[in-house]
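Mind having a look at this structure? Questions to follow.
The values are calculated or read from the model by the stated rules, or taken from the named source; none is laboratory data. The shown structure was predicted, so the numbers you read here are calculated from the model rather than taken from an experiment. Here the Cβ positions follow ideal geometry from the backbone for every residue, glycine too, while neighbour counts run over all protein chains shown. Note: accessible area is taken over every heavy atom of the protein model, side chains too, but ligands, DNA and RNA are not part of it. Shrake-Rupley method; radii C 1.70, N 1.55, O 1.52, S 1.80 Å.
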Amino acid sequence: MAKSSAKPKLEASRPEESDVLIPAAFRNVLGYHLRVAQEASFQAFSTAVDKADLKPGWYSILTILSEYDGLTPSELSRVCGRDRSTLTATLKGLSIRGMIERQQNPEDQRSYSVRLTDEGRKMQARLHAIARKHDRRLDEIVGEDKAALIAILARIVNSLGNG
């Protein structure tokens, strides 16, 4: 008997809620839905940030440094959940633009910490205003389920870890 060359049918998960076509193999895969939701959120934030000629990836780094001044790149990597190798390029870009400064560790010349500059603090404030507006939009979407969703996401992070 000949194999069918027909492609599997793509279906909307819930046509009344989404125009996203989901492959049958992913319909009940939580990781897939987490990734797609994160990407949709990031793209919406990115669009808002791009209108202000800013980079969305800067927000988390600048915000973390605004609260925890003087982190090493390794510490920053753990806190923001980004791989150290991708973080290095972002830190270099932020440094070139005058948003951060690196300070050598006097006890270990191979090690350094990262601090915000005044320009970095101004940029973080601009990004924070955009992020607050974006977060209000997410709050409207999630509604009364926000606390439960945050608790579930925290449970995932705590169980699986940050890498």
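May I ask you to rank ILE152, ILE64, ILE141 by accessible area, largest first, using a 1.4 Å probe over the protein chains only?
Per-residue accessible area, sorted high to low, gives ILE141, ILE152, ILE64.
Of SER85, GLY98, TYR59, which is farthest on the positive side of the dipole of segment 56-111, counting Cα position, with +1 on Lys and Arg Cβ, -1 on Asp and Glu Cβ, and the Cα centre as origin?
Toward the positive end, the furthest listed residue is SER85.
Continuing with the same structure: Give the accessible area for TYR112 in Å² (nearest 10); use a 1.4 Å probe, count only protein heavy atoms, and leave out ligands, DNA and RNA.
40 Å²
Shifting gears a bit: Ordering LYS51, LYS133 from largest to smallest accessible area (1.4 angstrom probe), what's the sequence?
Largest accessible area first, the residues go LYS51, LYS133.
Can you flag which of LYS55/LYS146; LYS51/LYS92; LYS92/LYS146 are past 25 Å Cα-Cα?
LYS55/LYS146; LYS92/LYS146
Still on this model: For segment 75-163, report the convex hull volume of the alpha-carbon atoms normalised per residue, in Å³, without decimals.
Here the figure is 133 Å³ per residue.
Suppose accessible area is computed on protein heavy atoms with a 1.4 Å probe; arrange PHE45, PHE26 from highest to lowest.
These residues rank, largest area first, as PHE26, PHE45.
A further question on this structure: With every protein chain left in place and a probe of 1.4 Å, what is the accessible surface of SER159, to the nearest 10 Å²?
Accessible surface of SER159 is approximately 90 Å².
What is the Cα centroid distance between segment 90-114 and segment 22-63, reported in whole angstrom?
Result: 28 Å between the Cα centres.
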